[in-house]
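Structure first, commentary second.
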Amino acid sequence: MKRTKIIDVLKSTEYGKEVCVKGWVRTHRSSKAVDFIALNDGSTIKNVQVVVDPTKFDEQLLKDITTGACICAEGTLVESQGAGQSSEIQATKLEVYGLCGNDYPMQKKGQSFEAMRKNAHMRLRTNTFGAVMRIRHNMAMAIHTYFHEHGFFYFHTPLITASDCEGAGNMFQVTTKNLYDLKKDESGKIIYDDDFFGEQTSLTVSGQLEGELGATALGAIYTFGPTFRAENSNTPRHLAEFWMVEPEVAFLNQEELMDLEEDFIKYCVRWALDNCKDDLLFLNQMIDKTLIERLEGILKETFVRLPYTEGINILQEAIKNGKKFEFPCNWGDDLASEHERYLVEEHFKKPVIMTDYPTAIKSFYMKQNEEAPTGATLGSSIGYKGTIAPGPTMQGTDVLFPQIGEIIGGSVREESYDKLMGEIKRRDMDMTHLWWYIDTRKWGSCPHAGFGLGFERLILFVTGMQNIRDVIPFPRTPKSAEF
């Protein structure tokens, strides 16, 4: 008999029809009169109940159907007499595909997420991780659908690169060289002439720079793929391998960029509420009882558009009134997550798009504003102290979300060759491997803007999960690449 997915069985009202379902046993309750098997195949958070007359089946067969076992059940679809489900199956045939012993690590009992990470190969079978992964799929579909409907082209940027978009230097090297016999020059530097690409290459930290090239040819593109950062960070917000969504658009100004960021992220949240109802209800009950309310609230709010200087003033005023922060927040300091969350969760109580950051703490490619703000207290990170006129600011547009902090980082890009080169020289940057990027400012340069959204941070917000390692199937973190 042809298999029917459990999600379709539960929707069906064709009572009396013979059906075949296959999946993994969630629970098996036995008695002399009747057995109840809760079966799940991953197509939905809900289980189908298989009702078994134990007098009609081999005793050993029923003993083999334990939590985690994989089985096939055929029978008659009937209207359920119990609460919690509309349909159930009266079994006429049972077959065990895969036994599951008492040492099965995902038994039906409370386990910490940390413990489940040690069994990442099996945790996907749990209700929580099944829900998270179905939502993750839906968010990917929302992203592709949004950009397709808005005239963007899906643009594939390289995973292997000789450039460092962020300038941080924390990259994973890619090489075919024998690491036990590295050829070096007289100064001790590694010679890459005999390497596969003939030069030092790494896994990408971002597809943005190549994405800008696509935008200046196709008008509007987006990338959506894995990125890598070799940062020794063990926080609940960082991964070494994560996915990024990076649209780039020609002829887009700062206001239009903020409109795009807000519209895009609201579309994704709305998609989750419309298409992931059962999974969200489960997570709302089991993980975060304010989840659905918070998601619905995002759709009702107009995001605050807050210049960095005003944000600093708000934070400094909070400090004067007794608020304690672990990190400093003077003008010129890069805001920490605690500062971002204070602005979003306590001060405004809604998402914030922070704009016009100091140029010195942002990337070289961002467009500078014509005028600098005045009257702010400067931070040590840009080498100033005291209340004097700050340095230049750039047209950044970072979206800050409750419980997450920064979820989007964006900006208008500098289109002027002379201004871009001036900033590169001020930073004393080695642009040997970015000559092609600079060329775009020589030949037919145009105003353009874009942003990067951390996909896993979006999933964190939409699911209510607390650790980024629990919203990706197989997390890559320092000292952890086992699965």
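In straight-distance terms, cross-link reach from residue 5 covers every one of the aspartates and glutamates whose alpha-carbon lies under 15 Å from its own, apart from those fewer than eight places away in the same chain; here that gives 14, 18, 41, 74, 88.
When the Cα positions of 311, 358, 287 are compared along the charge dipole of region 280-363, 287 comes out farthest toward the positive end, with charges on each C-beta of Lys, Arg, Asp and Glu. The charge dipole of region 42-200, taken about its Cα centre with unit charges on the Cβ atoms of Lys, Arg (+1), Asp and Glu (-1) only, comes to about 600 debye. Given (1) 1.05; (2) 1.02; (3) 0.99, which label gives Rg/Rh (Cα atoms, Kirkwood Rh) as computed from the coordinates? Working out Rg/Rh (Cα atoms, Kirkwood Rh) from the coordinates points to (1). Modelled this way, with points 7 Å down the Cα-to-C-beta line, the labels at residue 172 and residue 186 are 3.7 nm from one another. Taking label positions 7 Å along the Cα-Cβ direction at both residue 119 and residue 305, the computed distance is 5.1 nm, reported to one decimal.
With the highest mean first, a sort of the peptides 430-439, 89-98, 208-217 on other beta-carbon atoms found within 10 angstrom per residue produces 208-217, 89-98, 430-439. Split the accessible area of region 408-483 by element, probe 1.4 Å, and carbon with sulfur accounts for 53%. When the pairs 17/56; 367/425; 118/277; 183/425; 177/442 are compared against a 25 Å limit on Cα-Cα distance, 118/277; 183/425; 177/442 fall above it.
Here the 3J(HN,Hα) profile of region 37-46, calculated from phi with Karplus coefficients 6.51, -1.76 and 1.60 at θ = phi - 60°, is 10, 8, 10, 9, 10, x, 6, 7, 5, 7 Hz, Gly and Pro shown as x. Protection proxy ranking, highest mean first, for peptides 330-339, 74-83: 330-339, 74-83, where packing is the per-residue count of other beta-carbon atoms within 10 Å, averaged. For the set 184/479; 46/266; 300/350, the pairs lying more than 20 angstrom apart at their alpha carbons are 184/479; 46/266.
Within the accessible area of region 193-292, what % is carbon and sulfur when the probe is 1.4 Å and the other protein chains stay in place?
Of the solvent-accessible surface of region 193-292, carbon and sulfur hold 53 percent.
The modelled label-to-label distance for the pair residue 78/residue 438, using points 7 Å beyond Cα in the direction of Cβ, is 7.9 nm.
Counting only heavy atoms of the protein chains and using a 1.4 Å probe, residue 294 has close to 40 Å² of accessible surface. From its DSSP helices (H runs of at least four residues, each -39,500 (n - 2.57)), the chain gives a residue-normalised ellipticity at 222 nm of -8500 deg cm²/dmol. In order along region 229-236, the phi-based Karplus estimate (6.51 cos²θ - 1.76 cosθ + 1.60, θ = phi - 60°) of 3J(HN,Hα) comes to 9, 8, 9, 7, 10, 10, 7, x Hz; Gly and Pro are listed as x. Averaged over its residues, the chain has an accessible area of 49 Å² per residue, based on protein heavy atoms and a 1.4 Å probe.
Computed from point charges on the beta carbon alone (+1 for Lys and Arg, -1 for Asp and Glu), the dipole magnitude for the chain about its Cα centre is near 1640 Debye. Scalar couplings 3J(HN,Hα) for region 190-201, obtained by applying the Karplus form with A = 6.51, B = -1.76, C = 1.60 to θ = phi - 60°, are 5, 8, 9, 4, 8, 7, 4, 8, x, 7, 6, 10 Hz; x denotes Gly and Pro.
If you plug the beta carbon distance of residue 156 and residue 233 into 1/(1 + (r/R0)^6) with R0 = 25 Å, you get a FRET efficiency near 0.35.
For residue 401, nonlocal amide neighbours, meaning residues 5 or more places apart or on other chains whose placed amide H falls under 5 Å from its own, are 406, 407.
The values are calculated or read from the model by the stated rules, or taken from the named source; none is laboratory data. None of these values were measured; they are calculated from a predicted model. Neighbour counts run over all protein chains shown; Cβ positions are idealised from the backbone, glycine included. All accessible areas refer to the heavy atoms of the entire protein, side chains included, with ligands and DNA or RNA removed. Shrake-Rupley method; radii C 1.70, N 1.55, O 1.52, S 1.80 Å.
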